[in-house]
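Take a look at the structure below.
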Amino acid sequence: LEPNAIEALVNGVLAFERRSIGKAITEIETGGETARAFLSAIHPRIGSARRLGITGPPGAGKSTLVAFLVKAYRGGSQRVGVVAVDPTSPYSGGALLGDRVRMSALTTDPGVFIRSMASRGAFGGLARATWDAVDVLDAAGCDPVVIETVGVGQTEVEIAGLADTTIVVLSPEVGDNVQAMKAGLMEIADIFVVNKADRNGAEALARDITAILGLRDVGAGGDAWRPPVLLAVAQRGEGVDAVIDAAGRHADHLRNRGLLEKRRRSAIRRRILDILEHEIRLRFWTEEAKRALDGEVERVYRKEADPTGAARRLLDGASP
Ligand SMILES: Nc1nc2c(ncn2[C@@H]2O[C@H](COP(=O)(O)OP(=O)(O)O)[C@@H](O)[C@H]2O)c(=O)[nH]1
Ligand SMILES: [Mg+2]
(Lines give C-alpha, C1' and ligand atoms only; values in the text may rest on other atoms or scores of the structure.)
(Ligands and ions follow the chains in the order given, each with its own letter.)
Protein backbone atom coordinates (compact mmCIF):
# COMPACT_ATOMS: atom_id res chain seq x y z
CA LEU A 1 0.00 0.00 0.00
CA GLU A 2 0.97 3.62 -0.59
CA PRO A 3 1.94 5.70 2.47
CA ASN A 4 -1.34 7.67 2.36
CA ALA A 5 -3.33 4.44 2.11
CA ILE A 6 -1.50 3.17 5.20
CA GLU A 7 -2.32 6.42 6.97
CA ALA A 8 -5.99 5.97 6.04
CA LEU A 9 -5.85 2.42 7.40
CA VAL A 10 -4.34 3.66 10.67
CA ASN A 11 -7.01 6.34 11.03
CA GLY A 12 -9.73 3.83 10.25
CA VAL A 13 -8.46 1.46 12.93
CA LEU A 14 -8.16 4.21 15.53
CA ALA A 15 -11.77 5.16 14.76
CA PHE A 16 -12.89 1.53 15.26
CA GLU A 17 -13.92 1.26 11.65
CA ARG A 18 -14.65 -2.41 11.12
CA ARG A 19 -13.51 -2.59 7.50
CA SER A 20 -10.16 -1.04 8.36
CA ILE A 21 -9.62 -3.34 11.33
CA GLY A 22 -10.40 -6.40 9.21
CA LYS A 23 -8.14 -5.22 6.43
CA ALA A 24 -5.29 -4.43 8.81
CA ILE A 25 -5.40 -7.91 10.34
CA THR A 26 -5.49 -9.50 6.89
CA GLU A 27 -2.36 -7.52 5.96
CA ILE A 28 -0.74 -8.77 9.17
CA GLU A 29 -1.57 -12.38 8.34
CA THR A 30 -0.12 -11.94 4.86
CA GLY A 31 3.01 -10.34 6.29
CA GLY A 32 5.09 -7.80 4.43
CA GLU A 33 6.08 -4.17 4.39
CA THR A 34 2.53 -2.73 4.51
CA ALA A 35 1.86 -4.62 7.72
CA ARG A 36 5.21 -3.54 9.10
CA ALA A 37 4.63 0.15 8.38
CA PHE A 38 1.10 -0.05 9.73
CA LEU A 39 2.14 -1.75 12.98
CA SER A 40 4.91 0.73 13.52
CA ALA A 41 2.43 3.60 13.06
CA ILE A 42 -0.10 2.27 15.58
CA HIS A 43 2.47 1.19 18.16
CA PRO A 44 2.37 4.48 20.14
CA ARG A 45 -1.40 4.02 20.50
CA ILE A 46 -1.39 0.64 22.23
CA GLY A 47 -1.24 -0.38 25.88
CA SER A 48 -4.60 0.67 27.31
CA ALA A 49 -6.40 -2.63 26.79
CA ARG A 50 -6.50 -5.37 29.37
CA ARG A 51 -5.36 -8.54 27.64
CA LEU A 52 -7.23 -11.60 28.67
CA GLY A 53 -6.00 -15.01 27.50
CA ILE A 54 -8.37 -17.98 27.49
CA THR A 55 -6.98 -21.42 26.78
CA GLY A 56 -7.69 -25.07 27.51
CA PRO A 57 -8.39 -28.38 25.76
CA PRO A 58 -10.72 -28.44 22.74
CA GLY A 59 -14.37 -28.68 23.72
CA ALA A 60 -13.86 -27.46 27.29
CA GLY A 61 -16.24 -24.57 26.69
CA LYS A 62 -13.85 -21.69 26.02
CA SER A 63 -15.86 -20.07 23.23
CA THR A 64 -19.09 -20.46 25.19
CA LEU A 65 -17.48 -18.74 28.15
CA VAL A 66 -15.97 -16.03 25.94
CA ALA A 67 -19.43 -15.21 24.56
CA PHE A 68 -20.72 -14.56 28.09
CA LEU A 69 -17.60 -12.71 29.16
CA VAL A 70 -17.82 -10.40 26.18
CA LYS A 71 -21.48 -9.72 26.85
CA ALA A 72 -20.73 -8.88 30.48
CA TYR A 73 -17.73 -6.68 29.65
CA ARG A 74 -19.72 -4.85 27.01
CA GLY A 75 -21.97 -3.56 29.78
CA GLY A 76 -19.11 -1.42 31.04
CA SER A 77 -17.03 -0.90 27.95
CA GLN A 78 -17.57 0.84 24.65
CA ARG A 79 -15.63 -1.71 22.67
CA VAL A 80 -14.56 -5.28 23.24
CA GLY A 81 -12.28 -7.31 20.98
CA VAL A 82 -11.83 -11.06 20.53
CA VAL A 83 -9.02 -12.83 18.70
CA ALA A 84 -9.63 -16.57 18.34
CA VAL A 85 -6.94 -19.05 17.37
CA ASP A 86 -9.08 -22.12 16.90
CA PRO A 87 -9.83 -23.86 13.61
CA THR A 88 -13.13 -25.16 15.03
CA SER A 89 -14.18 -21.77 16.34
CA PRO A 90 -17.94 -21.20 16.31
CA TYR A 91 -17.18 -17.64 15.19
CA SER A 92 -16.29 -19.14 11.85
CA GLY A 93 -19.26 -21.50 11.89
CA GLY A 94 -17.81 -24.68 13.31
CA ALA A 95 -20.22 -25.34 16.16
CA LEU A 96 -23.66 -26.48 17.16
CA LEU A 97 -26.67 -24.32 16.50
CA GLY A 98 -27.00 -23.05 20.07
CA ASP A 99 -23.49 -21.68 20.04
CA ARG A 100 -23.88 -20.13 16.67
CA VAL A 101 -26.99 -18.28 17.75
CA ARG A 102 -25.23 -16.96 20.83
CA MET A 103 -22.17 -15.98 18.80
CA SER A 104 -24.21 -14.24 16.16
CA ALA A 105 -25.74 -12.06 18.87
CA LEU A 106 -22.18 -10.99 19.54
CA THR A 107 -21.20 -10.48 15.95
CA THR A 108 -24.11 -8.10 15.34
CA ASP A 109 -23.12 -5.97 18.34
CA PRO A 110 -21.46 -2.89 16.80
CA GLY A 111 -19.17 -2.53 19.83
CA VAL A 112 -17.68 -6.02 19.50
CA PHE A 113 -15.02 -7.03 17.01
CA ILE A 114 -14.32 -10.76 16.65
CA ARG A 115 -11.58 -12.16 14.50
CA SER A 116 -10.48 -15.74 13.90
CA MET A 117 -6.83 -16.10 12.96
CA ALA A 118 -6.00 -18.35 10.04
CA SER A 119 -3.51 -20.76 11.54
CA ARG A 120 -2.70 -22.22 8.09
CA GLY A 121 -1.69 -18.98 6.44
CA ALA A 122 0.56 -17.52 9.07
CA PHE A 123 3.28 -20.12 8.32
CA GLY A 124 4.99 -20.57 11.67
CA GLY A 125 4.19 -16.96 12.50
CA LEU A 126 0.92 -17.63 14.28
CA ALA A 127 2.06 -16.19 17.60
CA ARG A 128 3.39 -13.09 15.88
CA ALA A 129 0.26 -12.51 13.81
CA THR A 130 -2.02 -13.10 16.80
CA TRP A 131 -0.21 -10.64 19.02
CA ASP A 132 -0.11 -8.07 16.25
CA ALA A 133 -3.88 -8.52 15.84
CA VAL A 134 -4.32 -7.94 19.58
CA ASP A 135 -2.34 -4.70 19.18
CA VAL A 136 -4.69 -3.64 16.40
CA LEU A 137 -7.77 -4.14 18.61
CA ASP A 138 -6.02 -2.40 21.49
CA ALA A 139 -5.25 0.61 19.29
CA ALA A 140 -8.87 0.52 18.08
CA GLY A 141 -9.97 1.19 21.65
CA CYS A 142 -11.14 -2.30 22.65
CA ASP A 143 -10.98 -3.11 26.34
CA PRO A 144 -10.61 -5.89 27.15
CA VAL A 145 -9.12 -7.79 24.24
CA VAL A 146 -9.83 -11.50 24.72
CA ILE A 147 -7.51 -14.05 23.12
CA GLU A 148 -8.90 -17.57 22.82
CA THR A 149 -6.50 -20.36 21.88
CA VAL A 150 -6.81 -24.14 21.93
CA GLY A 151 -4.45 -25.31 24.64
CA VAL A 152 -2.87 -28.20 22.79
CA GLY A 153 0.28 -27.03 21.05
CA GLN A 154 3.11 -25.22 22.77
CA THR A 155 2.63 -22.18 20.55
CA GLU A 156 -1.06 -21.90 21.32
CA VAL A 157 -0.50 -22.21 25.05
CA GLU A 158 2.23 -19.62 24.89
CA ILE A 159 0.05 -17.21 22.94
CA ALA A 160 -2.51 -17.19 25.75
CA GLY A 161 0.25 -17.14 28.34
CA LEU A 162 1.47 -13.76 27.10
CA ALA A 163 -1.74 -12.07 28.25
CA ASP A 164 -2.01 -9.94 31.39
CA THR A 165 -4.37 -12.50 32.86
CA THR A 166 -4.60 -16.07 31.62
CA ILE A 167 -7.70 -18.16 32.25
CA VAL A 168 -7.43 -21.92 31.77
CA VAL A 169 -10.75 -23.65 31.07
CA LEU A 170 -11.04 -27.38 31.77
CA SER A 171 -14.00 -29.72 31.85
CA PRO A 172 -14.55 -33.08 33.52
CA GLU A 173 -14.00 -34.94 30.27
CA VAL A 174 -11.71 -37.94 30.36
CA GLY A 175 -8.13 -36.94 30.98
CA ASP A 176 -8.56 -33.17 30.86
CA ASN A 177 -6.43 -32.73 33.97
CA VAL A 178 -3.70 -35.00 32.62
CA GLN A 179 -3.76 -33.13 29.33
CA ALA A 180 -3.53 -29.84 31.18
CA MET A 181 -0.45 -30.95 33.08
CA LYS A 182 1.24 -32.11 29.91
CA ALA A 183 0.54 -29.02 27.87
CA GLY A 184 1.98 -26.68 30.50
CA LEU A 185 -1.42 -25.18 31.26
CA MET A 186 -0.87 -25.52 35.00
CA GLU A 187 2.07 -23.13 34.83
CA ILE A 188 0.43 -20.34 32.89
CA ALA A 189 -2.98 -20.25 34.60
CA ASP A 190 -3.87 -17.23 36.73
CA ILE A 191 -7.43 -18.49 37.02
CA PHE A 192 -8.82 -21.99 36.54
CA VAL A 193 -12.36 -22.50 35.36
CA VAL A 194 -13.70 -26.03 35.71
CA ASN A 195 -16.53 -25.80 33.23
CA LYS A 196 -19.45 -28.20 32.68
CA ALA A 197 -20.13 -28.32 36.39
CA ASP A 198 -23.52 -29.75 35.37
CA ARG A 199 -21.67 -32.98 34.63
CA ASN A 200 -20.20 -35.60 36.93
CA GLY A 201 -16.61 -35.19 37.95
CA ALA A 202 -16.35 -31.39 37.90
CA GLU A 203 -15.91 -31.07 41.66
CA ALA A 204 -13.37 -33.88 41.73
CA LEU A 205 -11.41 -32.17 38.96
CA ALA A 206 -11.49 -28.87 40.86
CA ARG A 207 -10.19 -30.66 43.96
CA ASP A 208 -7.39 -32.28 41.92
CA ILE A 209 -6.28 -28.93 40.56
CA THR A 210 -6.43 -27.32 44.00
CA ALA A 211 -4.31 -30.16 45.37
CA ILE A 212 -1.71 -29.76 42.63
CA LEU A 213 -1.59 -26.00 43.23
CA GLY A 214 -1.15 -26.62 46.96
CA LEU A 215 2.05 -28.53 46.28
CA ARG A 216 3.57 -25.50 44.65
CA ASP A 217 5.95 -23.09 46.30
CA VAL A 218 3.92 -19.88 46.60
CA GLY A 219 6.98 -17.76 47.25
CA ALA A 220 8.16 -15.80 50.25
CA GLY A 221 5.91 -13.38 52.11
CA GLY A 222 2.77 -15.29 51.20
CA ASP A 223 1.45 -12.47 49.00
CA ALA A 224 1.91 -14.38 45.77
CA TRP A 225 -1.15 -14.86 43.60
CA ARG A 226 -2.99 -18.09 44.28
CA PRO A 227 -4.91 -19.07 41.16
CA PRO A 228 -8.57 -19.51 42.13
CA VAL A 229 -10.30 -22.67 40.90
CA LEU A 230 -13.85 -21.76 39.85
CA LEU A 231 -16.75 -23.98 38.83
CA ALA A 232 -18.93 -22.87 35.93
CA VAL A 233 -21.71 -23.94 33.62
CA ALA A 234 -20.81 -21.69 30.72
CA GLN A 235 -23.66 -22.99 28.62
CA ARG A 236 -26.12 -21.38 31.04
CA GLY A 237 -23.90 -18.42 31.91
CA GLU A 238 -23.46 -19.71 35.46
CA GLY A 239 -20.23 -18.75 37.17
CA VAL A 240 -19.35 -16.07 34.65
CA ASP A 241 -19.63 -13.26 37.23
CA ALA A 242 -17.14 -15.08 39.45
CA VAL A 243 -14.71 -15.34 36.54
CA ILE A 244 -14.99 -11.62 35.86
CA ASP A 245 -14.54 -10.89 39.54
CA ALA A 246 -11.41 -13.09 39.70
CA ALA A 247 -9.98 -11.44 36.57
CA GLY A 248 -10.54 -8.04 38.19
CA ARG A 249 -8.81 -9.15 41.38
CA HIS A 250 -5.89 -10.52 39.39
CA ALA A 251 -5.56 -7.24 37.50
CA ASP A 252 -5.54 -5.34 40.83
CA HIS A 253 -2.96 -7.76 42.20
CA LEU A 254 -0.66 -7.13 39.22
CA ARG A 255 -1.11 -3.39 39.34
CA ASN A 256 -0.66 -3.01 43.11
CA ARG A 257 2.60 -4.90 43.08
CA GLY A 258 4.12 -3.43 39.94
CA LEU A 259 3.79 -6.84 38.31
CA LEU A 260 1.85 -5.69 35.26
CA GLU A 261 4.88 -3.80 33.90
CA LYS A 262 7.03 -6.81 34.58
CA ARG A 263 4.66 -9.12 32.75
CA ARG A 264 4.32 -6.81 29.79
CA ARG A 265 8.07 -6.39 29.52
CA SER A 266 8.55 -10.12 29.50
CA ALA A 267 5.83 -10.51 26.85
CA ILE A 268 7.58 -7.87 24.73
CA ARG A 269 10.88 -9.71 25.15
CA ARG A 270 9.23 -12.96 24.03
CA ARG A 271 7.72 -11.25 20.99
CA ILE A 272 10.99 -9.65 19.95
CA LEU A 273 12.78 -12.99 20.18
CA ASP A 274 10.04 -14.64 18.15
CA ILE A 275 10.36 -12.03 15.39
CA LEU A 276 14.13 -12.20 15.54
CA GLU A 277 14.16 -15.95 15.00
CA HIS A 278 11.82 -15.52 12.06
CA GLU A 279 13.93 -12.75 10.50
CA ILE A 280 17.15 -14.70 10.95
CA ARG A 281 15.62 -17.64 9.14
CA LEU A 282 14.33 -15.42 6.34
CA ARG A 283 17.69 -13.76 5.85
CA PHE A 284 19.60 -16.99 6.05
CA TRP A 285 17.69 -18.96 3.41
CA THR A 286 18.86 -17.26 0.24
CA GLU A 287 18.94 -19.26 -2.99
CA GLU A 288 22.66 -19.65 -2.47
CA ALA A 289 22.19 -21.08 1.04
CA LYS A 290 19.62 -23.54 -0.27
CA ARG A 291 22.08 -24.73 -2.91
CA ALA A 292 24.84 -24.98 -0.33
CA LEU A 293 22.53 -27.17 1.77
CA ASP A 294 22.08 -29.55 -1.16
CA GLY A 295 25.85 -29.78 -1.39
CA GLU A 296 26.22 -30.47 2.32
CA VAL A 297 23.58 -33.20 2.21
CA GLU A 298 25.70 -34.95 -0.41
CA ARG A 299 28.91 -34.54 1.58
CA VAL A 300 27.34 -35.93 4.74
CA TYR A 301 25.79 -38.81 2.80
CA ARG A 302 29.19 -39.68 1.31
CA LYS A 303 30.73 -39.45 4.81
CA GLU A 304 32.98 -36.58 3.73
CA ALA A 305 31.41 -34.50 6.53
CA ASP A 306 29.23 -34.99 9.60
CA PRO A 307 25.91 -33.15 10.17
CA THR A 308 27.27 -30.72 12.76
CA GLY A 309 30.23 -29.83 10.59
CA ALA A 310 27.88 -29.26 7.66
CA ALA A 311 25.56 -27.02 9.68
CA ARG A 312 28.46 -24.92 10.94
CA ARG A 313 29.90 -24.57 7.48
CA LEU A 314 26.53 -23.35 6.20
CA LEU A 315 26.32 -20.84 9.02
CA ASP A 316 29.88 -19.58 8.46
CA GLY A 317 29.26 -19.35 4.74
CA ALA A 318 26.26 -17.13 5.40
CA SER A 319 27.93 -14.73 7.82
CA PRO A 320 29.28 -11.49 6.42
N1 LIG B 1 -22.89 -29.74 29.50
C2 LIG B 1 -22.26 -28.60 29.23
N3 LIG B 1 -21.87 -28.37 27.98
C4 LIG B 1 -21.23 -27.20 27.73
C5 LIG B 1 -20.99 -26.23 28.73
N6 LIG B 1 -20.35 -25.20 28.17
C7 LIG B 1 -20.17 -25.48 26.88
N8 LIG B 1 -20.70 -26.69 26.59
C9 LIG B 1 -20.75 -27.36 25.28
O10 LIG B 1 -19.47 -27.91 25.00
C11 LIG B 1 -19.23 -27.86 23.59
C12 LIG B 1 -17.91 -27.17 23.32
O13 LIG B 1 -18.03 -25.82 23.67
P14 LIG B 1 -17.07 -24.68 23.07
O15 LIG B 1 -17.37 -23.43 23.79
O16 LIG B 1 -17.11 -24.66 21.59
O17 LIG B 1 -15.65 -25.27 23.54
P18 LIG B 1 -14.15 -24.80 23.13
O19 LIG B 1 -13.67 -25.77 22.11
O20 LIG B 1 -13.39 -24.93 24.40
O21 LIG B 1 -14.23 -23.40 22.63
C22 LIG B 1 -20.41 -27.15 22.98
O23 LIG B 1 -21.28 -28.11 22.47
C24 LIG B 1 -21.03 -26.42 24.15
O25 LIG B 1 -22.40 -26.19 23.98
C26 LIG B 1 -21.46 -26.51 30.04
O27 LIG B 1 -21.28 -25.73 30.99
N28 LIG B 1 -22.08 -27.71 30.24
MG1 LIG C 1 -13.49 -22.49 20.90
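The values are calculated or read from the model by the stated rules, or taken from the named source; none is laboratory data. Bear in mind the structure is a predicted one, so any value in this text is a computation, not a measurement. No Cβ is skipped: glycine too gets one built from the backbone with ideal geometry, and neighbour counts run over all protein chains shown. These accessible areas exclude ligands, DNA and RNA; they are computed on the full protein's heavy atoms, side chains included. Shrake-Rupley method; radii C 1.70, N 1.55, O 1.52, S 1.80 Å.
Considering only ARG115, ARG216, ARG18, the mean-square fluctuation computed in a Gaussian network model of the chain, springs between alpha carbons under 10 angstrom, is largest for ARG216. Shape analysis of the chain yields a ratio of the Cα radius of gyration to the Kirkwood radius, Rg/Rh, of 1.03.
Taking 0.36 nm per residue of separation and subtracting the current Cα-Cα distance, fully stretching the chain between LEU273 and ARG236 would add 9.2 nm.
Take the Cα of LEU14, step 7 Å toward its Cβ, do the same at SER48, and the gap between the two points is 1.1 nm. For the pair ARG264 and LEU282 in one chain, pulling the backbone fully straight at 0.36 nm per residue adds 3.8 nm over the alpha carbon distance.
Here the relative contact order of the stretch 191-263, from alpha carbon pairs under 8 Å that lie six or more residues apart, stands at 36 percent.
Per residue, how large is the accessible surface of the chain? Use a 1.4 angstrom probe and give square angstrom.
Numbers: 16950 Å² over 320 residues.
Normalised by residue count, the accessible surface of the chain is 53 Å².
Mean sequence separation of contacting Cα pairs (under 8 Å, at least six apart), scaled by the length of the stretch 1-48, corresponds to a relative contact order of 35 percent. Helix 307-318 and the longest principal axis of the C-alpha atoms of the chain enclose an angle of approximately 80°. Straight Cα distances below 19 angstrom link LYS303 to the aspartates and glutamates ASP294, with same-chain residues fewer than 8 positions distant left out. In straight-distance terms, cross-link reach from LYS71 covers every one of the aspartates and glutamates whose alpha-carbon lies under 13 Å from its own, apart from those fewer than eight places away in the same chain; here that gives ASP109, ASP143, ASP241. Largest first, the three principal axis extents of the alpha carbons in the stretch 189-320 are 64, 39, 31 Å in whole numbers. Its relative contact order, with pairs defined as Cα atoms under 8 Å and 6+ residues apart, puts the chain at 18 percent.
Looking at the chain, send over the antiparallel percent of its DSSP beta bridges, to the nearest 5.
Taking every DSSP beta bridge within the chain, about 5 percent pair in antiparallel fashion.
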